Amino acid sequence: MRAFYYIENYSKISRSFITEPCPCHLAEAGECILCSQLHGKCFCDCLNWKGVCIYQEFNNNGKAAKKGRETFRCKVKEVEHLEGDVLLIRFIAPHKLALDLVHPGSYVFIRTDENFYFDVPISIMESDIESDVVSIMIEIRGIKTKKLLDIKIDDEMVIRGPYWNGVFGLKSINELKDNKALVIARGIGMAPSIPVIRKLSNNKNTLKVVIDKSPYKDVYVNEYLKQYSEGYEEINTIDKGKLTDEIKKLILNEIANGVTLIHVAGADILSFKVIEFLNSIDKRDVKVSCCNNAKMCCGEGVCGSCTARFQGHRVKRLCKVQTDPRNIFEGRRFI
């Protein structure tokens, strides 16, 4: 299993976890998001050190990046067209890959073509470590995802991974135990919410799950919700870019009942509005986690497609940075 250590360094937004491919190519370029010495500084300022030194790992590896993520050819076990633009695929993965993909925020790059420019990042809905069957739900949107419509049972897909930064606020999710949490999932966000719900349930938390199936006709994760929660409530969460009164009332009631973490699985506007609402009622102590919806191409922080600008002319690689969602949305420049 991979190492999973949380480290905070010189910037509050640069909190992440160390994985097997660390140090990566960013360290070679002097752009490491964790190690100050591999980011052009001449001193070490790691906080909450957990016993793993990236700088030492880099030197021990001959001042070179470690081997990157592998590519696997996986056999498709099941394909289901749920509705017009929603596709459910189950494929058989190597056992090690299935183990690595059980964690919240796990995702892979998939393609059906040998051309690696055509792969697309997809969050994991379920990874069964007994059968090694991995389930993903895909919303067909553009040229890359349209190619996936041609997949048939027994075909092979090319999988690159594993990656784990598909959720912001992982520390809050992993540390919450014997407590209460609220999960709000909308649209395709219902798929990546399942590993989060499973983790929170396994940590003996009491869960309130809210599903907004819009724009779909049905809730396509019923079988998983039955396994990991005591059901769910269907609520319209957002209307014309604003939180509905119904979801606001529910959030207030759940906080009054002791909820200390809210996970939002949906578009950025939903996460932003939930954080904005919590701030407006002076509930900054309620922790938040959410989907990482950044555009991604390489997944290694090199290509720049995931970068976002923040106050102080800071540029962050959102495929790598692991932090509290408030740090992502509150300090972000949209122009």
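Taking the criterion of being within 16 Å of N292 (Cβ to Cβ) and surrounded by fewer than 21 Cβ atoms within 10 Å (Cβ to Cβ), the residues of segment 140-173 that qualify are K171, S172. For segment 263-277, name all the residues that are free of Cβ contacts under 8 Å to residues at least 12 places away in the same chain and among the small types (G, A, S). Within segment 263-277, none qualify. Check whether at least one residue in segment 183-195 is within 30 Å of H81 (Cβ to Cβ), more than 16 Å from the chain's Cα centre (by Cα) and either at pLDDT 95 or above or outside the structural domain of D268 (by TED's automatic domain parsing) (or both), and report yes or no. Looking through segment 183-195, none of the residues is within 30 Å of H81 (Cβ to Cβ), more than 16 Å from the chain's Cα centre (by Cα) and either at pLDDT 95 or above or outside the structural domain of D268 (by TED's automatic domain parsing) (or both). Whether a residue is under 30 Å from L26 (Cα atoms) and either among the hydroxyl-bearing types (S, T, Y) or surrounded by 14 or more Cβ atoms within 10 Å (Cβ to Cβ) (or both) was assessed, and K295 does not pass this test. Looking across D178, D128, D150, one residue alone is over 13 Å from the mean Cα position of the chain (by Cα), farther than 30 Å from T237 by Cβ and of a type outside the set (V, I, T). It is D150.
Applying a threshold of 9 Å to beta carbon distances and a minimum spacing of six or more residues, or different chains, the list of pairs starting in segment 201-220 at a residue that is exposed (fewer than 14 other Cβ atoms within 10 Å of the Cβ) and ending at one that is of a type in the set (D, E, K, R) reads K204/K177; K204/D178; K217/E83; D218/E83.
Of all residues in segment 311-335, those that are in a loop (DSSP other than H, G, I, E, B), of a type in the set (D, E, K, R) and within 25 Å of G142 (Cα to Cα) total 1. Among the residues of segment 24-81, those identified as of a type in the set (D, E, K, R), in contact (Cβ under 8 Å) with a residue 40 or more places away in the chain and within 30 Å of E156 (Cβ to Cβ) are K66, K67, R69, E70, R73, K75, K77, E78. Taken over segment 278-297, the residue count meeting the criterion of being among the polar types (S, T, N, Q) and in contact (Cβ under 8 Å) with a residue 12 or more places away in the chain is 3. Taken over segment 269-283, the residue count meeting the criterion of being small (G, A, S) and more than 17 Å from L182 (Cα to Cα) is 1. Among the residues making up segment 65-90, those that are modelled with pLDDT under 80 and farther than 21 Å from F118 by Cα are A65, K66, K67. Residues that are crowded, with 21+ Cβ neighbours inside 10 Å and among the aliphatic types (A, V, I, L, M) occur in segment 308-319; there is at least one.
The values are calculated or read from the model by the stated rules, or taken from the named source; none is laboratory data. The structure displayed is predicted, hence computed values, not measured ones. Positions of Cβ are generated from backbone atoms using ideal geometry, with glycine treated the same way; all protein chains shown enter the neighbour counts.
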